[in-house]
Amino acid sequence: MTVPLAGSTEVRPKVLVRETIAAPGLELLRSRFDVVEDRDSVLAEIIGEFDAIVVRSATTLDADLIERAVRLKVIGRAGVGVDNVDVDAATRRGIVVANAAESTVVSAAEHTVALLLALARNVPQAHAALTTGTWDRERYAGIELAGKTLGVLGLGRIGREVARRALGLGMRVLAYDPFVAPDRFRDLGLEPASLEDVYAGADVITLHLPLNDETRHLLGAEAFARMRDGVRIVNAARGGLLDEEALAAAIRSGKVAGAALDVFEDEPYAGPLLELEQIVVTPHLAGSTTEAQDRAGLVIAEQIAAALDGEIVQTAVNIPVVEPGELEVLGPFVPLAAKLGRLAMALASAWPSRVVVAVHGPLSEHDTRLLTVAALNGLFQDRVDETVTYVNAPVIAAERGIEVSEQRFVASHHYTNLVRVALVAGDDELEVSGTTVGPEHRLFLAGALGFAIDIELAQLMAFLVYDDVPGVIGKVGTMFGEAGVNIANMAVSRTKQGGKALMAFSIDSPAPRELVELVAGFGFDDVRFISLG
């Protein structure tokens, strides 16, 4: 991507290193590009001069700055999160945003094990006592981990590394992750388990799940009550996974023997858990090691080099670069495919073993791999304990033993273009389909749960399958109205008169639990309340 000038002189791309990265990464960039380290200039005044920029967490790249970056091709975040980058604005400008999400895996796993050992042997408490002059061996006697059962909730990359280390300590490992193929458990030497199995059988439970509506406060009063007496809890993943008040109550009652926490719902944390002697705490240190920082710098340098050379950016968090003409055609269908993938996963009864993404109509004449990746991206969102991108979604599918295939059909019977996402999950097959409508490319659902349907996709949706008899629609409307939940759009489809029918509708606010339970108890064949994000 260099531009040759007279006399064989080349102008090399310019890279702005706005925040410090490790020497190996800096050296790699300097060997390939013109690198400027500038932490003090007004960024808005200089960003237009550069083809790439490296930031950490202290630099915010908002839409205004990105608009000024007329030459920018890639933003490299030397770390995990990209909250300080307006990814949507970058995507609209065709700028690749890359991070170093895997750089902290080993560090986070080792910190989890450090917390586990400190919790088992009361290391911080004994240290604190001894430094104040108290020699009390009996009070701070701990437990051995060998022979104990560790429950691992979530088998993402960090969860897997923790499980491997626990096996090395002689522990029995029960693992819960509904989105991992059974063969994967056996390959890792782990015992697959349900949540109930983990609660009933684990001496120690460690959390490695994504944080979403389903997992928030997963470990609360009800969960603690179902655990063994004297269980210990470790959380170096996400603070919201456990209810801190319920944990404090369980420790005070003696149900939970202790907990080791690196993350909290609100940080910096200064709450009542710090008053309990049975608590071991660290200030969100899991990824904070010299090696992790060095690795992040090198990884992001490699990704910037790949982007500037027009190669695949393995850690991109937005749409990978495609030909402008192709993106113009495919662009409106990318969010459609992502929502269809998310909807298909929400409607599925089990984790899929096969995913098929099919395109019908003139769209099939283009390279539709981007739509397949988009569908996988939607399918895995909030379902795995790692950042899901348009680049790593196929890798996640392969790691979980999911077969992915594409189909293209020139003919489309009812729509100009149609995208279908089909899943095979156990003995069941499920399919959803959709299209775009109008110059603004509104996203419409065309089929779900074996019914043809025509309704605009929305963030909050409900799907009810029932016997096609009079009065059902009115009763549903009354239930939602009395609960104060507005139905924005509704569509109804049926197989035949008097057969089965599907009612699909979008709502303006989340359905309260009481309404969900009321609808579920009404006698429908199937009831699904779904958030499409």
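Per-structure values
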read-out	value
Criterion: in contact (Cβ under 8 Å) with a residue 24 or more places away in the chain and touching a Gly at 6+ places or on another chain (Cβ under 7 Å) - qualifying residue of Leu276, Leu376	Leu376
Leading residue by the ranking (surrounded by the fewest Cβ atoms within 10 Å (Cβ to Cβ)) among those in the stretch 230-254 that are in a loop (DSSP other than H, G, I, E, B) and touching a His at 6+ places or on another chain (Cβ under 8 Å)	Asp243
Output for the stretch 300-315, where each listed residue is part of a loop (DSSP other than H, G, I, E, B) and aliphatic (A, V, I, L, M)	Ile312, Val313
Qualifying residue in the stretch 444-462 (condition: in contact (Cβ under 8 Å) with a residue 12 or more places away in the chain, among the β-branched types (Val, Ile, Thr) and touching a helix residue (DSSP H, G or I) at 6+ places or on another chain (Cβ under 7 Å))	no
Residue satisfying condition, being closer than 30 Å to Ala128 by Cβ, among the β-branched types (Val, Ile, Thr) and either open to solvent by 40 Å² or more (accessible area, probe 1.4 Å) or in contact (Cβ under 8 Å) with a residue 40 or more places away in the chain (or both), within set Thr282, Thr315	Thr282
Some residue of the stretch 61-76 being in contact with a Gly (Cβ under 9 Å, 6 or more places away or on another chain), under 30 Å from Gln278 (Cβ atoms), open to solvent by 10 Å² or more (accessible area, probe 1.4 Å) and part of a helix (DSSP H, G or I)	no
Out of Ala462, Ala446, Ala491, Ala504, sole residue that is small (Gly, Ala, Ser) and either farther than 21 Å from Gly378 by Cα or in contact with a Pro (Cβ under 8 Å, 6 or more places away or on another chain) (or both)	Ala491
Test set (1) surrounded by fewer than 17 Cβ atoms within 10 Å (Cβ to Cβ); (2) over 30 Å from Leu371 (Cα atoms) - Arg442 fails condition number	(2)
Filtered residue count, the stretch 31-55, keeping only those that are surrounded by fewer than 20 Cβ atoms within 10 Å (Cβ to Cβ) and in a loop (DSSP other than H, G, I, E, B)	5
Matching entry among Leu370, Leu343 (being more than 14 Å from the chain's Cα centre (by Cα) and buried (at least 23 other Cβ atoms within 10 Å of the Cβ))	Leu343
Residue check for Ala393: crowded, with 23+ Cβ neighbours inside 10 Å, touching a strand residue (DSSP E or B) at 6+ places or on another chain (Cβ under 7 Å) and not hydroxyl-bearing (Ser, Thr, Tyr)	no
Close pairs (6 angstrom Cβ cut-off, 6 or more residues apart or separate chains): under 15 Å from Ala346 (Cβ atoms) in the stretch 505-533, among the basic types (Lys, Arg) and not in a loop (DSSP other than H, G, I, E, B) anywhere	Leu532/Lys339; Leu532/Arg342
Any hit, the stretch 221-229, residues being open to solvent by 40 Å² or more (accessible area, probe 1.4 Å) and under 26 Å from the mean Cα position of the chain (by Cα)	yes
Test: Ser364 is surrounded by fewer than 24 Cβ atoms within 10 Å (Cβ to Cβ), of a type in the set (S, T, N, Q) and outside any helix (DSSP H, G or I)	no
Matching residues in the stretch 498-529 - criterion: being of a type in the set (Asp, Glu) and open to solvent by 50 Å² or more (accessible area, probe 1.4 Å)	Asp508, Glu514, Glu517, Asp525
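The values are calculated or read from the model by the stated rules, or taken from the named source; none is laboratory data. Just so it is clear, the model here is predicted, and its values are computed rather than measured. With ideal geometry, Cβ positions are generated from the backbone for all residues, glycine too; neighbour counts draw on all protein chains shown. Note: accessible area is taken over every heavy atom of the protein model, side chains too, but ligands, DNA and RNA are not part of it. Shrake-Rupley method; radii C 1.70, N 1.55, O 1.52, S 1.80 Å.
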